[in-house]
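The values are calculated or read from the model by the stated rules, or taken from the named source; none is laboratory data. Computed from a predicted structure; not experimentally measured. Cβ sites come from the backbone with ideal geometry, for glycine too, and all protein chains shown count toward neighbours.
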Amino acid sequence: MGRGSTVVAGAACMVAALVLGGCGASDEPAGTTAAAAAAVDRETVHQVSTLSALIDGLYQPATTVGAVKAHGDLGLGTFEALDGEMVVVDGRVYQVKSDGGVSEPADSAGSPYAAVTFFDTDVSFDVGPTDSYEALQKEIDAHLGGLNDICAVRIEGSFAYVRSRSVPRQSEPYTPLLEVTATQPEFEFRDVEGVLVGFWCPAWVGQIDPAGYHLHFLSADHSGGGHLLEVHVTQATVRLDDTPNLSLSLPMTPEFRQADLAGDYEKQMQAAEK
Ligand SMILES: [Zn+2]
């Protein structure tokens, strides 16, 4: 199976069993209008692969940038060979490389792990100033719609301080993620305008995604960004999109199909996000 064929539409048999939340999507009669289908699709997080697979060093491409764009306009991920952090904002896919540089990769570029949704604002509120990522999370916590929903997050504004990281391109045989992040390049920004995008996930997501907040940063001038480690908000607007459906597409790579993913990933997943 070639690149792109493992994205949601191309893996119907797997995805059918893995669409969670429903909201009637799977109960729609044949002949559902395109408009209705599109409306349902905007309420779905489309994800390729799992964080546990990434932790195990499965950096082979499972989808493409073009397919990611087709399934959402906001989200995050990484690239083939763990070549930097993916930030998806306003339908554009940005690559923050380990040298801190930002570019827009071609639609043919591969990704081993990505999660996107079409973002619609359900809740909007202003925050700031806040003096830590933890304080920001507490403010957002108070606005989350439910304890067990997946919530897409977009925070745009000015930030007194941002610390982010990226990851350097790996060569095969791939090194597990925690060994890579042990020496991760980190970037600091002060008094910067920009946007944070990503997801809040409930604990039940288990090996699929980190529980809690997972956000990636992109500066307004597109000169920097990465996986968010710390942030002090000066003034920003938080927008939340409750997303009741999760469509998970599994990589049809030989490496994924043969990997032993039965381990206990909880501590590793927490460590991978720091
Ligand atoms: Zn990340």
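Could you look through segment 207-249, keep only residues that are within 15 Å of the chain's Cα centre (by Cα) and part of a loop (DSSP other than H, G, I, E, B), and pick out the one that is farthest from the ligand (Cβ to nearest atom)? Checked segment 207-249; the qualifying residue farthest from the ligand (Cβ to nearest atom) is Q207. Filtering segment 176-183 for residues that are within 19 Å of G128 (Cα to Cα) and touching a residue at least 60 places away in the same chain (Cβ under 8 Å) leaves an empty set. For segment 141-156, the condition holds for at least one residue, the condition being that it is over 26 Å from A53 (Cβ atoms), crowded, with 24+ Cβ neighbours inside 10 Å and within 16 Å of the ligand (Cβ to nearest atom).
Considering only residues in segment 250-274 that are within 16 Å of the ligand (Cβ to nearest atom) and charged (D, E, K, R), the one that is farthest from the chain's Cα centre (by Cα) turns out to be K274. Does D90 qualify as being out of contact with any helix residue (DSSP H, G or I) (no Cβ under 8 Å at 6 or more places or on another chain), away from the ligand (no atom under 13 Å from the Cβ) and within 20 Å of H46 (Cα to Cα)? It is true that D90 is out of contact with any helix residue (DSSP H, G or I) (no Cβ under 8 Å at 6 or more places or on another chain), away from the ligand (no atom under 13 Å from the Cβ) and within 20 Å of H46 (Cα to Cα).
Would segment 177-196 turn up any residue that is more than 14 Å from the ligand (Cβ to nearest atom), assigned to a loop (DSSP other than H, G, I, E, B) and within 25 Å of D90 (Cα to Cα)? The answer is no; no qualifying residue exists. Checking each residue in segment 52-61 for being within 21 Å of G263 (Cβ to Cβ) and out of contact with any Phe, Trp or Tyr (no Cβ under 7 Å at 6 or more places or on another chain) picks out D56, Q60. Tell me, please, whether a residue that is of a type in the set (D, E) and touching a residue at least 60 places away in the same chain (Cβ under 8 Å) can be found in segment 186-206. No.
Remark: T64 falls outside the filter, which requires a residue to be touching a residue at least 24 places away in the same chain (Cβ under 8 Å) and either of a type in the set (D, E) or within 13 Å of the ligand (Cβ to nearest atom) (or both).
Checked against the criteria, S164 counts as out of contact with any helix residue (DSSP H, G or I) (no Cβ under 8 Å at 6 or more places or on another chain), within 13 Å of the ligand (Cβ to nearest atom), closer than 18 Å to Q95 by Cα and of a type in the set (S, T, Y). Is it true that some residue in segment 45-52 is modelled with pLDDT of 95 or more, within 14 Å of F119 (Cα to Cα) and within 16 Å of the ligand (Cβ to nearest atom)? Checked against the condition, which is being modelled with pLDDT of 95 or more, within 14 Å of F119 (Cα to Cα) and within 16 Å of the ligand (Cβ to nearest atom), segment 45-52 yields at least one hit. Would you say V87 is within 13 Å of the chain's Cα centre (by Cα), modelled with pLDDT of 95 or more and hydrophobic (A, V, I, L, M, F, W, C)? So V87 fits the description; yes. Filter segment 94-108 down to residues that are part of a strand (DSSP E or B) and more than 14 Å from the ligand (Cβ to nearest atom), then give me how many there are. Result for segment 94-108: 2.
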